[in-house]
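Working notes, structure below.
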Amino acid sequence: MDECQSAANWGLKMKQLVFSVAAFATLGAMACSPAPTAQDSIESATAPQAADACLDPVTMANAQPIAPVIEAIYAPYAQGGAPSNVRWSQGLTAMFERVEASAAAQEEEMWLDMDIYTQSQDSQLGPVTVTDEGVQADCRWLAVARFTNFGAPTTVYYDLVFDEGAWTIDDVRTDDWGFRSYMDTVLAPG
């Protein structure tokens, strides 16, 4: 079994977990390291044979489209709300829980001083366009959300994995910031 098939099989066994955006308030304001560039992800998303190796045809035939999963994150903003019930991958969830445990062990509250979906502290979003860019070399799928926030163009990249019959988010990032990279920095010793 190759690496992509192994990752896909692992992804299918992951548990479904629902997070509320409010849970992110427990993260600390710490330095972050750069995320992979968008160009890297888009280039790797074009690997033609990767999709066949990552998910079997039956799974893909039954998979819901990716764009509506991301569009559902942004829908509450139109009514002045924020998303809830966002499905995270088991790997991202475990990493988040390690960050929370680290903060508790240090007896400090950790804050992430922004909304990871809008990449801002406040939002006034224009129309959101989501594109499914396909599979990446690491067997994660890339969806790209583009919108304006207070008139400024914003692009957010979502890495997704297929988990127990549904797409789950494995990372949220931009050209120069990534949620996983941020948490790696928080968890780094010293």
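The values are calculated or read from the model by the stated rules, or taken from the named source; none is laboratory data. These numbers were taken from a predicted model, which means no experiment stands behind them. Cβ sites come from the backbone with ideal geometry, for glycine too, and all protein chains shown count toward neighbours.
What to note about this one:
- So Ala103, is it farther than 23 Å from Thr129 by Cα and part of a helix (DSSP H, G or I): yes
- Filtered residue count, the stretch 124-160, keeping only those that are within 19 Å of Trp177 (Cα to Cα) and more than 16 Å from the chain's Cα centre (by Cα): 5
- Residue match in the stretch 72-93 (condition: basic (Lys, Arg), in contact with a helix residue (DSSP H, G or I) (Cβ under 7 Å, 6 or more places away or on another chain) and modelled with pLDDT under 95): no
- First in the stretch 128-151 and crowded, with 20+ Cβ neighbours inside 10 Å, second anywhere and among the aromatic types (Phe, Trp, Tyr) and part of a loop (DSSP other than H, G, I, E, B), Cβ under 9 Å, 6 or more apart: Ala145/Tyr117
- Some residue of the stretch 157-166 being under 24 Å from Gly80 (Cα atoms) and surrounded by fewer than 17 Cβ atoms within 10 Å (Cβ to Cβ): no
- Of the set (1) under 25 Å from Ala101 (Cα atoms); (2) free of Cβ contacts under 8 Å to residues at least 60 places away in the same chain; (3) surrounded by 14 or more Cβ atoms within 10 Å (Cβ to Cβ), all apply to Thr154 but (1).
- Answer from Asp170, Asp138, Asp113 - the residue that is modelled with pLDDT under 90, under 26 Å from Ala63 (Cβ atoms) and charged (D, E, K, R): Asp138
- The single condition among (1) within 16 Å of Tyr74 (Cβ to Cβ); (2) in a loop (DSSP other than H, G, I, E, B); (3) modelled with pLDDT of 95 or more; (4) charged (D, E, K, R) that Asp175 does not meet is (1).
- For Leu125, the criteria (1) at negative phi; (2) surrounded by 22 or more Cβ atoms within 10 Å (Cβ to Cβ) hold in every case but one, which is (2).
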